[in-house]
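Contents: one structure, followed by commentary.
The values are calculated or read from the model by the stated rules, or taken from the named source; none is laboratory data. This structure is a prediction, so every number in the text was calculated from the model and none was measured. Cβ placement follows ideal geometry from the backbone for every residue including glycine, while neighbour counts extend to all protein chains displayed.
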Amino acid sequence: MQETGIGRSGYTGLIDMSKTRIEFNEPFYGHEEAENLSKYMLESRDFTKDVQGMLGDITGAGRIFLTGSASSAMEIYLASGLLPADSEVIIPSFTYPAAANVVLSAGLKPVFADIERDTLVINVDDVKNKITARTSCIMPVHYGGASVDMDELMKLAAESDIRIIEDAALSMNAYYKGSHLGTLGDAGVISFHRTKNVSGEGGGALLIRDIGNSHVFEEMLESGTDRKAFLRGETMAYSWQRPGRGVNISPLSAAVLSAQLAKLNEIAGGRKRIWEQYHDELSGLARAGSVKLPVIPEFNENNHHVFHIVFTDNIAREKARTRLLGDGISAVIHYMPLHSSPYGRKLGYKPGDCPVSEEMAGRMLRLPMHMHLSEEDVALVCRAVRRALEG
Ligand SMILES: Cc1ncc(COP(=O)(O)O)c(C=O)c1O
């Protein structure tokens, strides 16, 4: 398989991914997931309610709706009518395009804000600069367990009567001052894509704080009808109440997810060990000023989803990225800024609008991070990084 490069200075051309020996990402599946799948297929055992209960216990969210992805969870909130038509939603430029896509598809306008250098999360001062009379919502991204200072952001949002949807797609089992990420804002989303710490081979969750609005999302996920209320005996018949979306989680994903959530502690412990080994083995380079290691603010409890390093410049990063790929190690850049992307430019943005996002996308690199990495694998990756910087 071939993947194109990144279109920045230092780009080295097409990369032959078939030679990869250490993958960037792999799900951690075993017999438990397979057994649950066969229970669903052969015994019609539905795990959806179990998953809802487990997630409720872990996150403490007011109400949880399971969806096909984090993107569809964001989409149902944005399309729910709770935000005024044509209003503006502030998102970081340094994020996955899904956030901008769902804002646009809900008929709203994405407004890009810049990020913090240390944590790569949205910069609250820049959010402040981007707020207008039309701003209805802010969607901060928690970058793999490191979050924006939610107290500060929520204070700002409250002053202007703006909603917050936390994009906690990468943040299953990560916390801010003891609260699960995604439960502090008006709503939050989590992803169970196969690249995430906890995978359902797809799937997502919408976490709602104000349960007074729950019926809106319940109906949207029932083709816009009050069928759930009917099944509870609250109405004589069900009827079309609002535009809906067919984006419920697949029962197959719920079966896998139930097994994954049952081994959350094992996953958390394994990823922490790998993260700490990277940190220890690369600390010499950090002391020498050749790289910066991830910063986890003290208000966060990390889920070790991401281990990224920041090089002194784009040339050093590209040297390391090329060296790793040459050694069969897959290391990637997440994210390419949205404002300066081809579609971001079509929306009227231009390079220079979010300078820190551009700079960090040019300097950062995410190292392989998954449960199948052995101590030897991590040592090999670190050796390749060191050699790239020496050579
Ligand atoms: C920050 C962020 N938000 C949202 C998503 C979309 O998640 P999903 O694939 O579950 O829709 C991703 C995907 O990686 C992401 O990185």
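Within segment 164-178, is there a residue that is closer than 27 Å to Asn248 by Cβ, of a type in the set (S, T, N, Q), away from the ligand (no atom under 14 Å from the Cβ) and in a strand (DSSP E or B)? No, segment 164-178 has no match at all.
Residues of segment 332-391 that are surrounded by 19 or more Cβ atoms within 10 Å (Cβ to Cβ) and of a type in the set (Asp, Glu): Glu358 alone.
Looking for whichever is among the hydrophobic types (A, V, I, L, M, F, W, C), at pLDDT 95 or above and surrounded by fewer than 24 Cβ atoms within 10 Å (Cβ to Cβ) here; the options are Ala157, Ala169. Which one fits? Before you say what the answer is, go through the steps one by one.
Working: Ala169 fails: surrounded by fewer than 24 Cβ atoms within 10 Å (Cβ to Cβ).
Within the list Ala157, Ala169, the selection yields Ala157.
Restricting attention to segment 179-213, which residues are away from the ligand (no atom under 16 Å from the Cβ), of a type in the set (Ser, Thr, Tyr) and outside any loop (DSSP other than H, G, I, E, B)? Matches in segment 179-213: Ser179 only.
Pairing residues of segment 243-258 that are outside the structural domain of Ile58 (by TED's automatic domain parsing) and among the polar types (S, T, N, Q) with residues that are surrounded by 17 or more Cβ atoms within 10 Å (Cβ to Cβ) and at pLDDT below 95, at Cβ distances under 7 Å and at least 6 apart in sequence or on separate chains, gives no pairs at all.
Please identify the pairs in which a residue from segment 202-225 that is in the same structural domain as Asp186 (by TED's automatic domain parsing) and under 25 Å from Leu170 (Cα atoms) has its Cβ atom under 9 Å from the Cβ atom of a residue that is within 16 Å of the ligand (Cβ to nearest atom) and charged (D, E, K, R), counting only partners at least 6 apart or on another chain. Every condition considered, the pairs that remain are Gly202/Arg194; Leu207/Glu166; Met220/Arg245; Leu221/Arg245.
Take the residues in segment 65-88 that are in contact (Cβ under 8 Å) with a residue 60 or more places away in the chain and within 19 Å of Thr135 (Cβ to Cβ); name whichever of them is farthest from the ligand (Cβ to nearest atom).
Filtering first and then ranking leaves Gly81.
Being of a type in the set (Phe, Trp, Tyr), part of a helix (DSSP H, G or I) and farther than 17 Å from Tyr143 by Cβ is a property that holds for Tyr343.
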